[in-house]
Amino acid sequence: MAGPTPSMLSNTCAGCHGPNGVAPGPSIPTIAGMPYNFLKLMMTEFLKDERPSTIMSRVAKGYSDADIDVIAKHFSELKWGVQGGASVKGKSIDPAKAEKGKPLAKECEKCHEEGGKKQDEDTPRIAGQWLEYLLIKMDDYKTNEKYPQPKKMKSQMDKLSVEDLEAVAHYFASQK
Amino acid sequence: MYNLSRRNFVKLTGGLAAVGLTSPLLTGSARAAEGKKRVVIIGGGYGGAIASRYIRMADPNIVVTLIEKEKIYYSCPLSNPVIIKTRDLKVQRWTYENLVKNGVNVQYDEVVEIDPVKKSVTTAKGASFSYDKLVVSPGVDFKWEAIEGYSEKASEKIPHGWKAGTQTLLLQEQLSAMTDGDPYIIVAPPMPFRCPPGPYERAGLVAWYLKQHKPRSKVIILDAKDKFAKQGLFINGWKELGYNVEWVPGNEGGKVTRVDVEGMKVFTEMQEYKSSAINIIPAQKAGKIAHMAGLVDKTGWCPVNQKTYESTIHKDIYVIGDACIATAEIPKSGYAANSQGKIAAAAIVAAFKGQGEPDPSYVNTCYSLLSPDYGISVAAIWTFKDGQVTKVSGGVSPEKASAAFRKQEASYAESWYQSIMAEMFS
Ligand SMILES: Cc1cc2nc3c(=O)[nH]c(=O)nc-3n(C[C@H](O)[C@H](O)[C@H](O)COP(=O)(O)OP(=O)(O)OC[C@H]3O[C@@H](n4cnc5c(N)ncnc54)[C@H](O)[C@@H]3O)c2cc1C
């Protein structure tokens, strides 16, 4: 195949998303072991400016559809993991908030099954994802009208208060 | 990570005559290294550490020796917040134990000579190492002579803070001791230099500190240039945050030509500035060893094949990171050095296997902070097309954005740092 190898293309992502796609936190997500379809959809939406982002739409535009396919495949085949940088200055999980979030997350767990561990074609794993990332995403989903999300997700976002969503984020982040 | 066939590799190297390592430090491992390919890497920073790790990952049969003069690596990225005491220098401190665990032979020594004909390097401690391929990633050196009166000695009183560690702490002490009402003077260098947005990140963070602790003071940037990286975002951001920053571009007399270290004064062609807090970031060139080895051209930087980072002056020597000349405006950044380290590693492994030059992919993302909660970024992707490096996408953060957006980018700056450091050192 002409062009860079899958590793050459994908390894450049590690500078932000961590070695082998496992991020040491506090806010850039781990992408290792995420569903192939999900990764591909995200990159494509960033590329087309259909998904608001800070930097990813600028980055995604550097890749062809074929590149995105290769990168999505590469990371989907890697293993999900947790890697805490010793010096990470992130927000830490509050057990009380996680406890409060547990019953509130019941609705979410209809799709994000097994405490958020489950993933299928287009549902990403959220269990054990970085707390600050989940908080940022909750904020995006709750407050950004343009943020693409499934109807079911939107209705949950509307139902839950900001404080509730914060508790839900703590809950999912606490699930290992 | 690379899908290389080890069998082919063994076949290729198996028949080669053993060339023993001549280092007295290495006699034990010399036998084990017989017949194996040897890569020597000079400098364990953003470029060298990554190259060493990626070569080992691609093929554990390659003997990789990393020669680094310091036992502790202090990261420049995110060292500016240390100056204003919102970050501890400890968070910038990294060591090489994990590279050793990953099979890299780390030598704490300084390379003082490269012999491109005999293909060996000599160190200050008198050891010598033969190589099949050499990677040179020594970072930058300063053109002390560019400002009359400035010198390495002078930088103990008027720090540059362009290599992190002691220099960063000197800037921190100087800032907290400065007289309220004095200007904080930053002398910014001409292009090209390490981290183009760096002086301006520093200016904003210092202004944030002054606002709280020395409200009668302001920041004055005396610049050799007429424009700078992420300029619009910096200037608007400073305004938005209510900072007192005055930028004097080169074409309005910003170029500093002389310094009076005792009197704590700097001079442009038009004016003199006096203060209890001065930071001079000198003009730069490729690290000293690159000059000693004749790897530089008349620009003071190292010309390389843009597809592999192999020197166009000496064969089998790859120059990556700040020291090389990267085209298509790839900046002298840690992220770029990381990308180049991976590209050179792949090129070296492919060359050992007798394969052609692999197609590279180059990325840079670089965050700057204007306050602990206000981040901006630049990103770019390049490919190698029609014989040259071509930018395919990129750009800076939007000019108008919410406080939440800027805060997200500040948080991503921290996350970026943890990720890229983990890739090098954990
Ligand atoms: C204040 C500041 C902020 C920055 N912020 C960012 C940022 O946010 N993002 C970003 O991407 N970049 C940033 N940078 C730039 C980044 O630090 C450099 O681009 C990067 O360090 C370049 O990597 P390198 O491998 O070329 O050099 P270095 O990282 O400097 O590594 C060179 C190493 O080689 C060693 N060495 C040199 N000569 C010899 C010798 N003869 N023998 C043995 N060892 C030797 C040195 O001790 C050093 O450890 C910043 C820089 C500064 C100053």
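Considering only strands (runs of 3 or more DSSP E) fully contained in the stretch B:337-425, which possess at least 3 residues that are within 22 Å of B:G43 (Cβ to Cβ)? Of the strands (runs of 3 or more DSSP E) lying wholly inside the stretch B:337-425, those with at least 3 residues that are within 22 Å of B:G43 (Cβ to Cβ) span B:361-371. Scanning the stretch A:1-54 for residues that are facing chain B (nearest Cβ under 7 Å) and at positive phi turns up A:G3, A:G18, A:G25. The one condition from (1) surrounded by fewer than 21 Cβ atoms within 10 Å (Cβ to Cβ); (2) within 21 Å of the chain's Cα centre (by Cα); (3) in a loop (DSSP other than H, G, I, E, B) that B:P159 does not meet is (1). Within the stretch B:350-377, the residues that satisfy the criterion of being more than 29 Å from B:N236 (Cβ to Cβ) and facing another protein chain (nearest Cβ under 7 Å) are B:P358, B:D359, B:P360, B:S361.
Of B:W238, B:W208, all but one fail to be surrounded by 14 or more Cβ atoms within 10 Å (Cβ to Cβ), outside any strand (DSSP E or B) and touching a Ser or Thr at 6+ places or on another chain (Cβ under 6 Å); the exception is B:W208. Counting only residues that are within 14 Å of the chain's Cα centre (by Cα) and more than 11 Å from the ligand (Cβ to nearest atom), the stretch B:302-325 holds 1 of them. Being closer than 21 Å to B:G334 by Cα, among the aromatic types (F, W, Y) and open to solvent by 40 Å² or more (accessible area, probe 1.4 Å): is that true of B:Y74 here? Yes; evaluated as a whole, the condition is true for this residue.
Do you know which of the residues in the stretch B:165-221 that are among the small types (G, A, S) and under 21 Å from B:G232 (Cβ atoms) is farthest from the ligand (Cβ to nearest atom)? Only one residue fits best here, namely B:A207.
Could you tell me which residue of the stretch B:400-419 is farthest from the ligand (Cβ to nearest atom), considering only residues that are at the interface with another protein chain (Cβ under 9 Å from one of its Cβ atoms) and among the small types (G, A, S)? Per the criteria, the residue is B:A404. In a residue-by-residue description of the stretch A:139-152, the property of being modelled with pLDDT under 95, away from chain B (no Cβ under 14 Å) and more than 16 Å from the chain's Cα centre (by Cα) applies to at least one position. Of the residues making up the stretch B:42-70, those that are part of a loop (DSSP other than H, G, I, E, B) and within 10 Å of the ligand (Cβ to nearest atom) are B:G43, B:G44, B:G45, B:Y46, B:G47, B:K69, B:E70. Checking every residue in the stretch A:124-134 against the condition of being surrounded by 15 or more Cβ atoms within 10 Å (Cβ to Cβ), part of a loop (DSSP other than H, G, I, E, B) and within 14 Å of chain B (Cβ to nearest Cβ) gives at least one match. Only one of the numbered conditions (1) open to solvent by 10 Å² or more (accessible area, probe 1.4 Å); (2) polar (S, T, N, Q); (3) in contact with a strand residue (DSSP E or B) (Cβ under 8 Å, 6 or more places away or on another chain) is not met by B:S426, and that is (3). Among strands (runs of 3 or more DSSP E) entirely within the stretch B:79-122, having at least 3 residues that are touching a residue at least 60 places away in the same chain (Cβ under 8 Å) and aliphatic (A, V, I, L, M) singles out B:111-115.
The values are calculated or read from the model by the stated rules, or taken from the named source; none is laboratory data. What you see is a predicted model; the values in this text were computed from it and never measured. Cβ: placed from backbone, ideal geometry, glycine included. Neighbour counts: every protein chain shown. Keep in mind that these areas ignore ligands, DNA and RNA; they rest on the heavy atoms of the full protein, side chains included. Shrake-Rupley method; radii C 1.70, N 1.55, O 1.52, S 1.80 Å.
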